Each structure stands twice: as C-alpha cells, then as structure tokens.
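Below are the structure tokens for one structure; questions will follow.
The values are calculated or read from the model by the stated rules, or taken from the named source; none is laboratory data. Here the structure is a predicted model, which means the values were calculated and not measured. When we count neighbours, we look across all protein chains shown, and the Cβ atoms used for this are built from the backbone with ideal geometry, even at glycine. Please note that ligands, DNA and RNA were not included when accessible areas were found on the heavy atoms of the full protein model with its side chains. Shrake-Rupley method; radii C 1.70, N 1.55, O 1.52, S 1.80 Å.
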Amino acid sequence: PDPPQALWVEAPPPNATFRVGEGLRLLCHARGGHPAPKLTWSKDGRPLSEAPPQSRSGHVTSRALHVTLAPGDNGANFRCEAAPARQGAPPTRSAPVRLRVI
C-alpha cells in the first residue's frame, strides 16, 4: 500500500468572511495512493460523518463537505484526512481551513 503523494483542499481564501446560515462547500483532493485513500472530514478534531461519498477520477480521489454555517463555526478548524495506507502509519492530513463567521 502507498499513501497519496499530495492532499489539498479547495476552500475560500483565509480572509473571507461568511454569514450565519450561508452554505459553503469545501472540497478535498488526494493524488495517488494505492489502494485509493479513504478521505474523511473533521471539525476541531471531531470526525464529520455527513460528508457525501468520495469519488475517484483517474489518480485523484475527492470528497466534498457541505456546511450550513452556524455561530459555532466561527474560528473552527475543518480538516481533510486520508486514512493511513498501512497499519500503524500516521494519516495524511491537510492544512486546516479556518472560517470567519459573523
């Protein structure tokens, strides 16, 4: 088993501000990995199970997260993680996405 070569998130710019009730879509991508990595989303270190199923196109695996912003999302860290390729190995983690919600 091989871990993904790259893991990244499509997200708004860090200085973007959002209003409570707005919908937001974050998209996580992992390039490579064999077998295809299992992508999961977390908020402040807690797994989020409501993300839609992941998809694969060529060598890239993707998983979206749709968020309806609430006051508790202000300053929250959303992160995408690829499960470890082999037992005992650390997962591959994305940089955190921190949101400003007013």
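Give the calculated FRET efficiency between residue 64 and residue 89 to the nearest 0.05, with a Förster radius of 25 Å applied to their Cβ-Cβ distance.
For residue 64 and residue 89, the calculated efficiency is 0.45.
Could you look at the chain and say what percent of its accessible area is carbon and sulfur, using a 1.4 Å probe and all protein chains?
Summing carbon and sulfur atoms, their accessible area is 52 percent of the total for the chain.
What are the extents of the Cα atoms of the chain along their three principal axes, listed from largest to smallest and rounded to whole Å?
Sorted from largest, the Cα extents of the chain read 43, 27, 23 Å.
Counting other C-beta atoms within 10 Å, and keeping those with at most 16, which DSSP coil GluC sites (Glu not before Pro) do you find in the range 10-102?
22, 50
While we're on this one: In the range 6-80, which trypsin sites (Lys or Arg not before Pro) fall in coil by DSSP and have 11 or fewer other Cβ atoms within 10 Å?
19
Can you give the accessible area per residue of the range 6-94, in Å², using a 1.4 Å probe?
58
Could you compute the net charge surrounding residue 52? Neighbours are other residues with a C-beta less than 12 Å from the C-beta of residue 52; K and R count +1, D and E count -1.
+1
Same structure, new question: Could you pull out every residue, at least 5 positions away or on a different chain, whose amide H is within less than 5 Å of the one on residue 22? Hs are placed 1.01 Å off N in the peptide plane, and Pro or chain starts have none.
So residue 22 has HN proximity to 69.
Students often get this wrong: which residues of the range 23-43 have the backbone nitrogen under 19 Å from the point 7 angstrom along Cα-to-C-beta of residue 49?
From the range 23-43, the list is 38-43.
If you don't mind, there's one more thing I want to ask. With θ set to phi - 60°, apply the Karplus curve 6.51 cos²θ - 1.76 cosθ + 1.60 along the range 89-101 and write out the HN-Hα couplings as whole Hz, x wherever there is a Gly or Pro.
7, x, x, 8, 10, 7, 5, x, 10, 9, 9, 10, 10
Then there's this: Which of 52, 34, 83 sits closest to the plus end of the dipole of the range 6-94, meaning its Cα is farthest towards the positive end, when Lys and Arg get +1 and Asp and Glu get -1 on the C-beta?
The listed residue farthest towards the positive side: 34.
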